[in-house]
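Data block below; observations after.
The values are calculated or read from the model by the stated rules, or taken from the named source; none is laboratory data. The structure presented is a predicted model; accordingly, all values stated were derived computationally and were not measured. Ideal geometry is used to build each Cβ from the backbone, glycine not excepted, and the neighbour counts take in all protein chains shown.
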Amino acid sequence: MPCPFFLPCRCLDPGAWVHPPRLPLGDPHAGACHAGPALPHEPPEAHQRELCNYGYARYRCSHFPADAAADAVRFSIASEAGGRLELIYVIEKDHAPVEHGRLIRLIEEGRWESLHTSELLARQAQAFVESHLRRAG
């Protein structure tokens, strides 16, 4: 469940874990914080690994807006067949859903059939799919 204000830009080195943790986007990502949309910034890598990639940073991140409508975003694969990858997303606040929906990626065509209008959620979905496809081979 990445932070809803995190814009993933590139994969990070997975680190020296013997057993890597299960990460919300599949792989650890570096990116920018858009909690203050007028002034996006790139937090230190340790901050991104511990907060941006995991979400639920309210009260732990000084950039997280007190009045934010969401705390985290969760993705899961609903189905993968016929060259289509269907994702379910859930936007959460206080560990409860506030919005959910489906996103469809046409794998062979390399494009989205349906995608969320939020650029942040769309980029997170793209990072999730890329990680999934890398792992699937």
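Residue by residue, here is whether (1) free of Cβ contacts under 8 Å to residues at least 12 places away in the same chain; (2) of a type in the set (Gly, Ala, Ser); (3) more than 21 Å from SER118 (Cα to Cα) holds:
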position: PRO8; (1), (2), (3): no, no, no
position: ALA30; (1), (2), (3): no, yes, no
position: ALA38; (1), (2), (3): yes, yes, no
position: GLU45; (1), (2), (3): no, no, yes
position: CYS52; (1), (2), (3): no, no, no
position: ASP67; (1), (2), (3): yes, no, no
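Conditions: (1) among the aliphatic types (A, V, I, L, M); (2) closer than 15 Å to GLN126 by Cβ; (3) within 16 Å of the chain's Cα centre (by Cα). ALA57 meets all but one. Number of the miss?
It fails just one condition, (2).
Which of the strands (runs of 3 or more DSSP E) contained wholly in region 60-109 include at least 2 residues that are in contact with a Cys (Cβ under 9 Å, 6 or more places away or on another chain) and under 24 Å from HIS132 (Cβ atoms)?
Of the strands (runs of 3 or more DSSP E) lying wholly inside region 60-109, those with at least 2 residues that are in contact with a Cys (Cβ under 9 Å, 6 or more places away or on another chain) and under 24 Å from HIS132 (Cβ atoms) span 72-81.
Of the residues that make up region 40-53, is at least one modelled with pLDDT under 95, of a type in the set (A, V, I, L, M, F, W, C) and buried (at least 17 other Cβ atoms within 10 Å of the Cβ)?
yes
So if I check each of VAL98, VAL73, VAL90, which one is β-branched (Val, Ile, Thr) and touching a residue at least 60 places away in the same chain (Cβ under 8 Å)?
VAL73 is the lone residue from the list that is β-branched (Val, Ile, Thr) and touching a residue at least 60 places away in the same chain (Cβ under 8 Å).
Mind listing whichever residues of region 81-103 are of a type outside the set (Ser, Thr, Tyr) and surrounded by 15 or more Cβ atoms within 10 Å (Cβ to Cβ)?
LEU85, GLU86, LEU87, VAL90, ILE91, GLU92, LYS93, GLU99, LEU103
Given the criteria charged (D, E, K, R), surrounded by fewer than 11 Cβ atoms within 10 Å (Cβ to Cβ), out of contact with any Leu (no Cβ under 7 Å at 6 or more places or on another chain) and without any contact (Cβ under 8 Å) to a residue 60 or more places away in the chain, does ARG111 qualify?
Criteria met by ARG111.
Taking region 74-108, which residues are in contact with a helix residue (DSSP H, G or I) (Cβ under 6 Å, 6 or more places away or on another chain) and under 23 Å from ARG58 (Cα atoms)?
PHE75
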